[in-house]
């Protein structure tokens, strides 16, 4: 499987994803899955700047990404998919049952969210949506960097 990581990180593309995860996993492709970014050329250009020359970047809506998951999984290029929020990750998993693991990275404070880990804040509704995914067989863990211990979803609720 070369779909190496499906990560929820509201910062989307930044050093921790590109350098930390990208190097640790040997990723050569990043896919930013966000409906708003996909629709905005200016934002895509800004995110493109943060990607090293030896990696490619692709932008997709959630629906497009769901159709492409089998291609990324079958490709010889290691791929990291980054989504900006829990709702997008839940939609992707519902539309693409091939996604069996989701990593929670930087999910920052927002109204209604409470701290679950130093780098993960979620509402009870977000945690419940992830628990429903987990009940369907999707492995949900939180892990800020590749060297940290993966924290199972059960420890966040």
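The values are calculated or read from the model by the stated rules, or taken from the named source; none is laboratory data. The model shown is predicted, which means the values in this text are computed figures rather than measured ones. Using ideal geometry, Cβ is built from the backbone for each residue, glycine included, and neighbour counts are taken over all protein chains shown.
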Query raised in the report: Here are some residues: 32, 3, 95. Which one is modelled with pLDDT of 95 or more and within 24 Å of residue 151 (Cα to Cα)?
Result: 32
Report task. Being at pLDDT below 95 and in contact with a strand residue (DSSP E or B) (Cβ under 7 Å, 6 or more places away or on another chain) is the filter here, so list the residues in region 106-130 that pass it. Result -> none
Query - Failed criterion for residue 101 (all others in (1) touching a helix residue (DSSP H, G or I) at 6+ places or on another chain (Cβ under 9 Å); (2) under 25 Å from residue 2 (Cα atoms); (3) at pLDDT 95 or above hold) - result: (1)
Report summary line: Checked region 27-39 for anything closer than 15 Å to residue 62 by Cβ and in a loop (DSSP other than H, G, I, E, B); matches are 34, 39
Query raised in the report: Which one of the conditions (1) under 25 Å from residue 22 (Cα atoms); (2) not in a loop (DSSP other than H, G, I, E, B) does residue 146 fail to meet, given that it meets all the rest?
Result: (2)
Query raised in the report: Does residue 102 satisfy being crowded, with 18+ Cβ neighbours inside 10 Å and either assigned to a loop (DSSP other than H, G, I, E, B) or touching a strand residue (DSSP E or B) at 6+ places or on another chain (Cβ under 6 Å) (or both)?
Result: yes
Query raised in the report: Which one is nearest to the chain's Cα centre (by Cα), of the residues in region 38-48 that are buried (at least 16 other Cβ atoms within 10 Å of the Cβ) and more than 15 Å from residue 64 (Cβ to Cβ)?
Result: 47
Query raised in the report: Take the residues of region 11-26 that are buried (at least 16 other Cβ atoms within 10 Å of the Cβ) and assigned to a loop (DSSP other than H, G, I, E, B): which is farthest from the chain's Cα centre (by Cα)?
Result: 13
**Report entry** Residue within region 105-126 that is part of a strand (DSSP E or B), touching a helix residue (DSSP H, G or I) at 6+ places or on another chain (Cβ under 6 Å) and either surrounded by fewer than 19 Cβ atoms within 10 Å (Cβ to Cβ) or in contact (Cβ under 8 Å) with a residue 40 or more places away in the chain (or both) present
**Finding:** no
Query raised in the report: Looking at (1) touching a strand residue (DSSP E or B) at 6+ places or on another chain (Cβ under 6 Å); (2) more than 18 Å from residue 100 (Cα to Cα); (3) surrounded by fewer than 20 Cβ atoms within 10 Å (Cβ to Cβ), can you tell me which one residue 29 breaks?
Result: (3)
Requested in this report: With the condition kept exactly as written, say whether any residue in region 48-58 is in a helix (DSSP H, G or I), out of contact with any helix residue (DSSP H, G or I) (no Cβ under 6 Å at 6 or more places or on another chain) and over 25 Å from residue 150 (Cα atoms).
Outcome: yes
**Report entry** Matching option when the condition is surrounded by fewer than 18 Cβ atoms within 10 Å (Cβ to Cβ), under 24 Å from residue 91 (Cα atoms) and under 15 Å from the mean Cα position of the chain (by Cα), among 35, 71
**Finding:** 35
Query raised in the report: What's the number of the condition residue 54 fails, among (1) at pLDDT 95 or above; (2) under 25 Å from residue 26 (Cβ atoms)?
Result: (1)
